[in-house]
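Read-outs throughout are calculated quantities, based only on the coordinates presented, and are distinct from any laboratory measurement. The structure presented is a predicted model; accordingly, all values stated were derived computationally and were not measured. Note that each Cβ is placed from the backbone with ideal geometry, even for glycine, and that neighbours are counted across all protein chains shown.
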Amino acid sequence: DGGITQSPKYLFRKEGQNVTLSCEQNLNHDAMYWYRQDPGQGLRLIYYSQIVNDFQKGDIAEGYSVSREKKESFPLTVTSAQKNPTAFYLCASSIDPGAGQPQHFGDGTRLSIL
Amino acid sequence: QKEVEQNSGPLSVPEGAIASLNCTYSDRVSQSFFWYRQYSGKSPELIMSIYSNGDKEDGRFTAQLNKASQYVSLLIRDSQPSDSATYLCAVNRDGYKYIFGTGTRLKVLA
């Protein structure tokens, strides 16, 4: 079945530690996204990528980094510079956002501080 | 003014009633509009996409778009307790970015 796979489902970060969240899709979508959702709030865009080897900062990119070496993969690293990382992280993809196609989401990763 | 605004709710409706969820957006150039359902602790799931003025129906769901008034709504007919969730409105404004509202929490009372 085609879809977006995020792992792990739950992740705990120690003080000063970088952690990486995985996002893999087999939908052949060019565009991929990372969002952060805090309780009772909407989705805030962290980074997005339109094609391989290219990505742009979203509204809250500070303390995060990404790479897009393969079409299928868009990992997100939460660095120690992100002082309040506890949130629900969502990866999404779209086949053609420029043509107004919708996004589809993975199941999410819940990150907490130890 | 937020780019996409929704009433946070909760909106409570009895089982079998019509639930009406509303969303307004600020940027007139927005072309594509989406409704997502998000159950507590889960990721958003696409329910409807709408691109033209008027109504679009899919089963018990009807999306309505009025670009002149800059609002989009979602009607859920014959509401069921399983429809209880947060409904997110999203707008594709300039091609690659999607702007989300904070969501309306719907409670369907059995």
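Data for the structure
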| quantity | calculated |
| --- | --- |
| Note, ³J(HN,Hα) from phi for region A:71-82, Karplus 6.51, -1.76, 1.60, rounded to Hz, x at Gly and Pro | 4, 7, 10, 9, x, 10, 9, 9, 8, 5, 6, 7 |
| Count, lysine Cα pairs under 28 Å in chain A, 8 or more residues apart or across chains | 9 |
| Overall form of region B:38-110 per C-alpha gyration tensor (a/c, 1.5; a/b vs b/c) | oblate |
| Three semi-axes of the equivalent ellipsoid, the protein assembly as shown, Cα gyration tensor, whole Å, largest first | 30, 20, 16 |
| Residue-wise HN-Hα coupling along region A:5-15, computed from phi with Karplus coefficients 6.51, -1.76, 1.60 (Hz; x: Gly, Pro) | 10, 10, 8, x, 6, 10, 9, 10, 10, 8, 4 |
| Label point distance in nm, residue B:42-residue A:83, each placed 7 Å from Cα along Cα→Cβ | 3.7 |
| Shape metrics for chain A, restricted to C-alpha atoms - Rg then Dmax, Å | 13.3, 42 |
